[in-house]
Amino acid sequence: RDLNNLGSGSLSQQTFKLVALSGEDTFKRIIAGVNYISGSLSSRFEKETTKDVAVGGYGLTLDVAAPQKVFNGESFDAEISFKNNSDIDLDNLKLKVDYPLTFTLTKSTLPPDIGNNIWVIGGLRKGSDMKFKISGNLIGPEDALFDLKATIESVFSGQSYPISSNSAAITIATSPI
């Protein structure tokens, strides 16, 4: 940011909102610097400082619950649930579910907004949660392992970022016959 001319003895305070996009329960280092040119000298001066910031848990938790084993071609349900654990309302949320290539979606308690795998959630107030079920079937060889992955994205400063993701592993069960 350009601070313009501060004048002798004056003070300027700037506030920035930051969102940590990865690194749950870690520390992140922030480096801030300012450079200036003195009015009477032609030299450039710089000042830099660092601060370590603790990043807590995810502001939005996402869970994908599905059976661990399913029979080949048999219909099953998976539940997608998410909760806003942050202390702010979240806006511009979009959920995308990546299905295995051999998965066929048959129904959903909340119809997708784009194609068969994208839900435009919009806003989610702090402390609020939401869940819905999807149903479908999976075809593959016995003991094959597939992932059903869900990701929630949000827009910050005009850019879309993934803010939470999770998956469920599903295995094709051995036929009892």
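Things to note:
- Calculated FRET value between D87 and A54, using beta carbons and R₀ = 22 Å, to 0.05: 0.90
- Karplus-derived 3J(HN,Hα) values for segment 120-135, using 6.51 cos²θ - 1.76 cosθ + 1.60 with θ = phi - 60°, are 8, 7, x, x, 9, 5, 4, x, 7, 9, 8, 8, 7, 10, 10, 10 Hz; glycine and proline are entered as x.
- ³J(HN,Hα) computed for each position of segment 101-108 - Karplus, 6.51 cos²θ - 1.76 cosθ + 1.60, integer Hz, glycine/proline x: 4, 9, 8, 10, 6, 9, 6, 8
- Residue among V70, G23, S81 farthest towards the positive dipole end of segment 1-95, charges placed on Cβ: G23
- With the simple spin-label model, which puts each label point 7 Å out from Cα in the Cβ direction, the A65 to K107 separation comes to 1.9 nm.
- Selection from V53, V34, G7 lying farthest towards where the dipole of segment 1-58 points positive, charges on Cβ: G7
- Base-10 log of normalised Debye intensity for the chain (one unit scatterer per alpha-carbon) at q = 0.09, 0.14 Å⁻¹: -0.50, -0.85
- Per-atom-type breakdown for the chain gives carbon and sulfur 49% of the accessible area (1.4 Å probe, protein chains only).
- Taking each residue as 0.36 nm, the span from D77 to I177 lengthens on full extension beyond its C-alpha to C-alpha distance by 33.7 nm.
- Accessible surface, the chain, averaged per residue in Å² (probe 1.4 Å): 68 Å²
- Note that segment 65-149 carries a Kirkwood radius of 14.1 Å, evaluated over its alpha carbons pair by pair.
- Applying 1/(1 + (r/R0)^6) with R0 = 30 Å to the Cβ-Cβ distance of V120 and L3 gives a FRET efficiency near 0.15.
- Using the Cβ-Cβ distance between A32 and D129 with R0 set to 30 Å, the FRET efficiency works out to roughly 0.25.
- When both segment 112-177 and segment 1-76 are represented by their alpha-carbon centers, they are found 28 Å apart.
- Phi angles across segment 65-78 convert, under the Karplus curve 6.51 cos²θ - 1.76 cosθ + 1.60 with θ = phi - 60°, into 3J(HN,Hα) values of 10, 9, x, 6, 10, 9, 7, 4, x, 7, 6, 8, 10, 10 Hz, Gly and Pro given as x.
- Longest DSSP-loop-exposure-free segment, GluC sites (Glu not before Pro), the chain, at most 14 other Cβ within 10 Å: 75-141
- Residues whose amide H lies under 5 Å from that of F156, counting only those 5 or more places away or on a different chain, are Y161; hydrogens are built 1.01 Å from N in the peptide plane.
The values are calculated or read from the model by the stated rules, or taken from the named source; none is laboratory data. These numbers were taken from a predicted model, which means no experiment stands behind them. Every residue, glycine as well, gets a Cβ built from its backbone with ideal geometry; the counts of neighbours run over all protein chains shown. Areas reflect the complete protein model, heavy atoms only, side chains present, ligands, DNA and RNA absent. Shrake-Rupley method; radii C 1.70, N 1.55, O 1.52, S 1.80 Å.
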